[in-house]
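Undergrad: Attaching a single structure in structure tokens format; questions to follow.
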């Protein structure tokens, strides 16, 4: 059986270093906001080319706190892609704001910059872009629009660790980059974890306070904050894996190149463009008989996933809240299929996937 992902196999190369890191943390007796967190924050900020990084408990918290820092009036509008994962939209609602869905580019699956301006109203305060599947959004026109209309920009980088656009890392274009380190991510922890990057010292200071009950000084609370601190143990694990992130991305890009070169043209493959360095957190194809194809692959001992089967506006949670028609998003969700592309997969396994798919 070719698994879609095996977290056990994925983490085996790092196990000895994980154990050393855990033992050191246990021996230190310091478990909250200690040396491991500050070390990882410094390392990840440096990796991204960002001035600041604040470790948080999850990627969702990173999105929530990024928006909360701006103190937008209740009911303000935030532009988001219509085909994003639900966490992006949840972050908007958790701040009492209104998500305005904009359709993606059918080629890249990222928000279509040409459709953003028509969605801007006097109530619009921010654009929340999502670098989906490990490919950066087309950031130049998005940043031009944000400057033209005086809008904040938050980047959802949950799937784009190390991805670049015109040589610039995702998470460094807007006011904030919000990262998830969920275990399946290219830079994955062994539990929930997240972070925010920013170039703005004042915004960073506010995030640091908000994640710790709104406090910058012990028992002195400046904001109505929350408890969303990156755990010392997870921070240690992340520092271990961060050293291998370029290797992980390189391996996944190699597997993606096999798919790109040898998969039949009957499958709609990810678009590859010269100004984009894609890291393939997910390698997705599209096919009109997606469900039948998925069953066929499983019959041949190949597991796949669907990212994502239901578009946000059709989720029960948003019934009566997300109005409108989003045919491009619906087409993507109806036809997309994610193929195995893990750091633990071997090239011969990907060759087998290609052989079976081409025989469909």
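The values are calculated or read from the model by the stated rules, or taken from the named source; none is laboratory data. Fair warning: this is a prediction, and the values are worked out from it, not measured in the lab. Neighbour counts are summed over all protein chains in view; Cβ atoms, including those assigned to glycine, are modelled from backbone coordinates with ideal geometry.
Undergrad: Based on this model, can you work out whether residue 215 counts as in the same structural domain as residue 145 (by TED's automatic domain parsing) and either more than 27 Å from residue 140 (Cα to Cα) or over 15 Å from the mean Cα position of the chain (by Cα) (or both)? Let's see the steps before the verdict.
TA: Values: in the same structural domain as residue 145 (by TED's automatic domain parsing): yes; either more than 27 Å from residue 140 (Cα to Cα) or over 15 Å from the mean Cα position of the chain (by Cα) (or both): yes.
Yes; evaluated as a whole, the condition is true for this residue.
Undergrad: Looking at the stretch 289-314 only, could you name the residues that are under 18 Å from residue 109 (Cβ atoms) and touching a helix residue (DSSP H, G or I) at 6+ places or on another chain (Cβ under 7 Å)?
TA: Matches in the stretch 289-314: 290, 304, 308, 309, 310, 311, 312.
Undergrad: If a residue has to be more than 21 Å from the chain's Cα centre (by Cα) and closer than 21 Å to residue 353 by Cα to count, how many in the stretch 300-333 make the cut?
TA: 4
Undergrad: Another one. How many of the residues making up the stretch 302-360 are over 16 Å from residue 289 (Cα atoms) and assigned to a strand (DSSP E or B)?
TA: The qualifying residues number 1.
Undergrad: Let me ask you something else. Residues that are closer than 26 Å to residue 279 by Cβ, touching a residue at least 12 places away in the same chain (Cβ under 8 Å) and outside any helix (DSSP H, G or I): does the stretch 26-48 have at least one?
TA: Looking for residues that are closer than 26 Å to residue 279 by Cβ, touching a residue at least 12 places away in the same chain (Cβ under 8 Å) and outside any helix (DSSP H, G or I), one finds none in the stretch 26-48, hence no.
Undergrad: To continue, here is another question. Does any residue of the stretch 156-165 turn out to be free of Cβ contacts under 8 Å to residues at least 40 places away in the same chain, in the same structural domain as residue 124 (by TED's automatic domain parsing) and surrounded by fewer than 24 Cβ atoms within 10 Å (Cβ to Cβ)?
TA: no
Undergrad: Is the stretch 238-246 home to any residue that is over 24 Å from residue 346 (Cβ atoms), touching a strand residue (DSSP E or B) at 6+ places or on another chain (Cβ under 9 Å) and modelled with pLDDT of 95 or more?
TA: yes
Undergrad: On to the next question. Hey, any hits in the stretch 102-109 for a residue that's touching a strand residue (DSSP E or B) at 6+ places or on another chain (Cβ under 7 Å) and either closer than 19 Å to residue 324 by Cα or not assigned by TED's automatic domain parsing to the domain that holds residue 236 (or both)? Please lay out each step first, then the result.
TA: Step one: of the stretch 102-109, the residues touching a strand residue (DSSP E or B) at 6+ places or on another chain (Cβ under 7 Å) are 102, 104.
When the remaining residues are screened for being either closer than 19 Å to residue 324 by Cα or not assigned by TED's automatic domain parsing to the domain that holds residue 236 (or both), the result is 102, 104.
Yes: the stretch 102-109 contains one or more residues that are touching a strand residue (DSSP E or B) at 6+ places or on another chain (Cβ under 7 Å) and either closer than 19 Å to residue 324 by Cα or not assigned by TED's automatic domain parsing to the domain that holds residue 236 (or both).
Undergrad: Being outside any loop (DSSP other than H, G, I, E, B) and over 22 Å from residue 204 (Cβ atoms) is the filter here; which residues of the stretch 61-81 pass it? Quick ask: steps written out before the conclusion?
TA: We begin by selecting, within the stretch 61-81, every residue outside any loop (DSSP other than H, G, I, E, B); these are 61-68, 77-81.
Result: 77, 79, 80, 81.
Undergrad: Let me ask something else about it. Applying the selection to the stretch 156-181, what residues are within 11 Å of the chain's Cα centre (by Cα), part of a strand (DSSP E or B) and within 21 Å of residue 272 (Cα to Cα)?
TA: The one that is within 11 Å of the chain's Cα centre (by Cα), part of a strand (DSSP E or B) and within 21 Å of residue 272 (Cα to Cα): 156.
Residues are listed down the side, and each one gets a yes or a no for (1) out of contact with any strand residue (DSSP E or B) (no Cβ under 9 Å at 6 or more places or on another chain); (2) surrounded by fewer than 15 Cβ atoms within 10 Å (Cβ to Cβ):
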residue: 282; (1), (2): no, no
residue: 294; (1), (2): no, no
residue: 298; (1), (2): yes, yes
residue: 301; (1), (2): no, yes
residue: 307; (1), (2): no, no
residue: 312; (1), (2): no, no
residue: 336; (1), (2): no, no
residue: 343; (1), (2): yes, no
